[in-house]
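See below for the structure under consideration.
Nothing in this text is a laboratory measurement; each read-out follows from the coordinates by a stated rule. Quick caveat: nothing in here was measured; it's all calculated off a predicted structure. So basically every Cβ, Gly included, is an ideal-geometry build from the backbone, and we count neighbours across all protein chains shown.
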Amino acid sequence: MNSAEYAPRWRKSTYSNFNGSCVEVAPLGDERVGVRHSKDPSGPVLRFSDGTWIQFINSIKADSPAQGQ
C-alpha cells in the first residue's frame, strides 16, 4: 500500500497537554504504527511494528503509578 492510496488518521493522546506538546499516533497499514510530534505534522514519523507498539504501551501501563492503586 503506498501513501497515495492511504492517508493515516492521526490522533492525539487523551493525556496530551493543552500547549500542543504531544505526540500523535496512527495506524499505517502493513501492521505498522506511526508516531509523530503534533507541532511538526509534516516532520519525521517513527514507525513501529504493531507488536513492538503493543509491548511499549503495555510496559508503560505496567509502570504507571495508577496501576498500584
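If a/c stays under 1.5 just call it rounded; otherwise compare a/b with b/c (prolate if a/b is bigger, oblate if not). Do that for region 11-63, with a ≥ b ≥ c from the square roots of the Cα gyration tensor eigenvalues.
It comes out oblate by the Cα gyration axes.
Using 0.36 nm per residue, how much length does the chain from LYS61 to SER42 gain when fully extended, once their Cα-Cα distance is taken away?
Full-extension gain reported as 3.9 nm.
What is the spin-label model distance, in nm, from ARG32 to PHE18 if the labels are put 7 Å beyond Cα along the C-beta direction?
Result: 3.6 nm between the two label points.
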